[in-house]
Structures are given as structure tokens and as C-alpha cells.
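Structure, as C-alpha cells:
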Amino acid sequence: MPPVIDREKCVGCGVCADVCPLQVFRYSPKTDKVPEVKRPYECWHCNACVLDCRARAIELRLPLTHMLLYVDADTLKPARQG
């Protein structure tokens, strides 16, 4: 699932485009202050854009397969035998 930029919150700094290792975003401040999600399906869901966005304008919806990577191991309990 591609990143989603909230146009109301975005301040147009372009940090998301700078930090994205796969160049998912295209930032053209002369055209639009809000970066465009140019290659949405190239996103690795690394969360760099979300963490570095000062305006908290980016939401990253993780697919179920990725959500399993973020389960806190302390909350898991072994199955009871017997």
C-alpha cells in the first residue's frame, strides 16, 4: 500500500523525497508544494518518510504481511499444552 500525504498538513519541505531510498516521491516545488507519490508500488514500507516528516503529514498503511513484522514479542504467549 502506498504512502498517503495529507495535503492539509504538508508544509512542502520535500524531506520525504530526500530520505526515500527508492525515490517513491517526486518533489517539484514550482508545480505543487506537496510531493507526488510517483512510484507507489516501489515502497518498501521502511517508514523513513513518516519518521522524518516534521509536519506528520505522511501515513503509511502497512500490508498485513508487513504488520506481522511489528508484533511486540513480549505480548506473544506460548500455546498451552495439555
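Observations
- Considered as a group, the residues in the range 40-58 that are of a type outside the set (A, V, I, L, M, F, W, C), part of a loop (DSSP other than H, G, I, E, B) and within 10 Å of Pro3 (Cα to Cα) include one that is most open to solvent (accessible area, probe 1.4 Å), and that residue is Asn47.
- Selection within the range 1-34 - surrounded by 13 or more Cβ atoms within 10 Å (Cβ to Cβ), over 12 Å from Cys49 (Cβ atoms) and of a type in the set (A, V, I, L, M, F, W, C): Met1, Val34
- From the list Asp6, Asp72, the one residue that fits, being acidic (Asp, Glu) and modelled with pLDDT of 95 or more, is Asp6.
- Hits in the range 59-69 (condition: touching a strand residue (DSSP E or B) at 6+ places or on another chain (Cβ under 8 Å) and either open to solvent by 70 Å² or more (accessible area, probe 1.4 Å) or modelled with pLDDT of 95 or more (or both)): Glu59, Arg61
- Within the range 1-39, the set of residues being among the β-branched types (Val, Ile, Thr) and either assigned to a helix (DSSP H, G or I) or closer than 16 Å to Glu59 by Cα (or both) comprises Val4, Ile5, Val11, Val15, Val19, Val24, Val34, Val37.
The values are calculated or read from the model by the stated rules, or taken from the named source; none is laboratory data. This is a predicted model, so every value here is computed, not measured. Ideal geometry is used to build each Cβ from the backbone, glycine not excepted, and the neighbour counts take in all protein chains shown. Accessible surface is based on the protein model in full, side chains and every heavy atom, while ligands, DNA and RNA are left aside. Shrake-Rupley method; radii C 1.70, N 1.55, O 1.52, S 1.80 Å.
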